[in-house]
Amino acid sequence: MKNARLKLYVISFIVIGLVPFAFKPLQFGMDFTGGTIINIQLSEPVEGPEKEALVRVLQDRLNKYGLKDMKVRPGGPDFVMVEVAETDPKTIASIQEIISEQGRFEAMFEGKPILESDDIVGVVSDPAQGYKVYRTGNGYGWSVPFLVSPEGAEKFFSAVAGRCTLDPKDPSGQQCLEKVYMFIDRPQNAVLLMTPEEYAKEKSIPEQFDQPREGPSVSTVPLDELLSQSGIGLIVTDSVDSTVLEKVANKTVIIQKGSPLEKYTDYLNKTAARVVVKAKPEGVKYFVPYAINLQSIVRLTEGVTVREIYNPSITGYAPTLEDAIAQRDRIRIILESGKLPVTVQVSGVSTISASLGRQFLYYSGVAGLFAILTVSGVVFLRYRKPKLSAAMVMISMTEAIMILGMAAWIGWQLDLPAVAGVIAAVGTGVDHLIIITDEAMRGVSEKRVGLAAKIRRAVNIIMMAAFTTIIAMFPLFTLGLGALKGFALTTILGSLMGVFIARPAYAELVGRLV
């Protein structure tokens, strides 16, 4: 223990390998604790500040959703991975809905946007100021007030000032017939394809479009007016022919799932930019508002001033209290987090149950132990020297403990690739120890070259090999290529601790043992 290298090795093992576990336990990833991985495909490759903004918005949305054990990992240029410690199908479906929306807000008046995402400066979440869910009719209404910038308010006021035709049916005498349509992710350059029967069912839609279309007090809006005010085209047809193809050329075509027109999807794809087949969710009464991402329809009031525009609201209706709260919170989260720089789409979901994760952890431990026992057996058969074999196994095991201790210290979550990296680092380390041992043995048998010179040469070779490994792993770690990041980190940590701590200590040990 008077030797400096061996002293550094023992101190490092205590400080790096043992002390961290007294303060911070190992953190295990979803591979071992269970959870869900959601792969998100981007509409176009993004890098640099745009990618950082996209990750930040998604992270913010999930934080506001109330999820704690989750991570947003930037993958390649055109995909992102979201990891959440949750497996409940209903919760995962809600998460997919939240993260798959671009969040582009628009308030449309007479077919033109008069408020957009950049005009929103905040969202009001105080019930006393209108953020609420309330009982109305046979269901529940909800509202989400938001704050508009002075520039946005002036723009809104300029568009609607003096535009009021009083509604003769309004008992207050202040409500106008003119309406403002509020959207989140309104389809761009789109056309809605409907059969005559589908059109007849939704020919007029309540202004609170989740309410039943019945009763004299229910105000409705004609579907043709709704779509023209939304800037979205409409084609009513029983079949798709060349005339229809000409009308949908280079446009996004929206069709309801289960419609007779769905069979023409491949035919439409020949000229349309893309065809979107959307299924109407359970509980949604009208397909059109859902298909075009309409959030609410708001009536103007007579004599509106610019001061009144600073605090507008998105309103809605749901049949149950639970649905109303979910819809209100979803709108709040999207408005607060802002819009994504590109459109996104969920491309895959994989779930690992907690029980399966525990099995993975058990088998990983068994694999690591089996690897160490196998290595120790092979080393003993090669050298037939128990002390030499014991020294190798001791160095390998303490090196693995130091890697895990460092992972605990920096709070790195261990997943299957990370454990594979630990095993790979141990295997590479044993390879290096064998090189040192072989050189030492030859240094003893060959009187021409001294033992110390042989060991020095072996250590130099090992250092070059280790640094080559670090250089090879560094791009995997810095580029953040999903699960490979954990493998790269543990391999780099193992190489660094091996080169600067474990290998020099073993060289001193083997010199004395040989």
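Just so it is clear, none of the values below were taken in a lab; they were calculated from the coordinates. Because the structure is predicted, anything quoted here is derived from the model rather than measured. Positions of Cβ are backbone-derived with ideal geometry, glycine not excepted, and every protein chain shown enters the neighbour counts.
Projecting each Cα onto the charge dipole of region 103-325 (Lys/Arg +1, Asp/Glu -1 at the beta carbon, about the Cα centre), which of C176, G303, G141 comes out farthest on the positive side?
Checked the options; the winner is G141.
List every residue whose amide H lies under 5 Å from the amide H of F105, counting only residues 5 or more places away in sequence or on a different chain, with H placed 1.01 Å from N in the peptide plane.
Here the answer is S117, D185, since their amide H atoms fall under 5 Å of that of F105.
Stretched out fully, how many nm does the piece from S239 to Y134 gain, at 0.36 nm a residue minus the Cα gap?
33.4 nm
Compute, for the chain, the length of the dipole vector about the Cα centre, with Cβ point charges of +1 (Lys, Arg) and -1 (Asp, Glu) only. Units Debye, rounded to 20. Could you put the intermediate results ahead of the total?
Values: 53 positive and 52 negative charges, 706 e Å.
Using Cβ point charges on Lys, Arg, Asp and Glu, the chain gives about 3400 debye.
Any chance you could tell me what percent of the C-alpha pair distances in region 250-385 go past 24 Å?
For region 250-385, the fraction of Cα-Cα distances above 24 Å is 65 percent.
Using only the Cα atoms of region 156-253, each taken as one equal point scatterer with no solvent, compute I(q) by the Debye sum, divide by I(0), and report log10 of the ratio at q = 0.16, 0.19, 0.23, 0.24 Å⁻¹.
One equal scatterer on each Cα of region 156-253 leads to -0.86, -1.08, -1.30, -1.35.
What does the extension gain come out to for V19 and M394, with contour length at 0.36 nm per residue minus their alpha carbon separation?
Extending this stretch completely gives an extra 133.2 nm.
Provide the FRET efficiency to the nearest 0.05 for the R456-F380 pair, computing r from the beta carbons and using R0 = 22 Å.
Plugging the Cβ-Cβ distance into 1/(1 + (r/R0)^6) gives 0.25.
Evaluate E = 1/(1 + (r/R0)^6) for N189 and F370, where r is the Cβ-Cβ distance and R0 equals 45 Å; express this FRET efficiency to the nearest 0.05.
0.15
List the trypsin sites (Lys or Arg not before Pro) within region 91-150 that fall in a DSSP loop (any state other than H, G, I, E or B) and whose Cβ has at most 13 other Cβ atoms within 10 Å.
Taking region 91-150 and a limit of 13 other Cβ atoms within 10 Å, no loop trypsin sites (Lys or Arg not before Pro) are found.
Of the peptides 321-332, 285-296, 195-206, how do they stack up when ordered by the mean number of other Cβ atoms within 10 Å, highest first?
Ranking the peptides 321-332, 285-296, 195-206 by packing returns 285-296, 321-332, 195-206.
Specify the angular offset, from 0 to 90 degrees and rounded to the nearest 10, of the alpha carbon long axis of helix 48-65 from the longest principal axis of the alpha carbons in the chain.
70 degrees
Any chance you could give the angle, 0 to 90 degrees and rounded to 10, that helix 89-99 forms with the longest Cα principal axis of the chain?
That works out to roughly 80 degrees.
What is the local net charge at V344, summed over the other residues whose Cβ is closer than 13 Å to its Cβ (Lys, Arg +1; Asp, Glu -1)? Show your work: numbers first, answer last.
Working: positive: K51, R61, R104, K339; negative: E44, E50, D78, E97, E101, D185.
Once all neighbours under 13 Å are counted, the net charge is -2.
R0 = 51 Å: FRET efficiency of L6 with Q96, Cβ-based, nearest 0.05?
That gives a FRET efficiency of 0.40.
Which whole-Hz ³J(HN,Hα) couplings does region 383-400 yield from phi under the Karplus relation 6.51 cos²θ - 1.76 cosθ + 1.60, θ = phi - 60°, glycine and proline marked x?
Running phi through 6.51 cos²θ - 1.76 cosθ + 1.60 with θ = phi - 60° gives 9, 6, 10, x, 5, 5, 5, 5, 5, 4, 5, 4, 4, 5, 5, 5, 5, 5 Hz.
Amide H neighbours of E207 under 5 Å, counting only residues 5+ apart in sequence or on other chains, H built in-plane at 1.01 Å?
S219, T220, V221
What angle do you read, to the nearest 10 degrees and between 0 and 90, between the alpha-carbon axis of helix 451-478 and the longest principal axis of the chain?
Taking Cα atoms only, the helix is inclined about 0 degrees.
K2: which aspartates and glutamates have alpha carbons under 14 Å from its alpha carbon, excluding same-chain residues fewer than 8 sequence positions away?
Straight-line reach from K2, under 14 Å: E508.
Mind checking which lysines have their Cα closer than 23 Å to the Cα of K112? Skip sequence neighbours fewer than 8 apart in that chain.
Within the straight-line limit of under 23 Å, K112 reaches these lysines: K155, K179, K203, K247, K251, K339.
If you line up the Cα atoms of the chain on their principal axes, what length do they span on each, largest first, in Å?
Its Cα atoms span 111, 55, 39 Å along the three principal axes.
Return the long-range amide H neighbours of K132 (sequence gap of 5 or more, or a different chain), with a cut-off of under 5 Å between placed amide H atoms.
When sequence neighbours closer than 5 places are left aside, the close amide H contacts are S143.
Which one of L226, A272, V121 is farthest out on the positive end of the charge dipole of region 103-325, using unit charges on Cβ (Lys, Arg +1; Asp, Glu -1) and the Cα centre as origin?
It is A272.
If you line up the Cα atoms of region 103-325 on their principal axes, what length do they span on each, largest first, in Å?
Here the spans come out as 52, 38, 34 Å, largest first.
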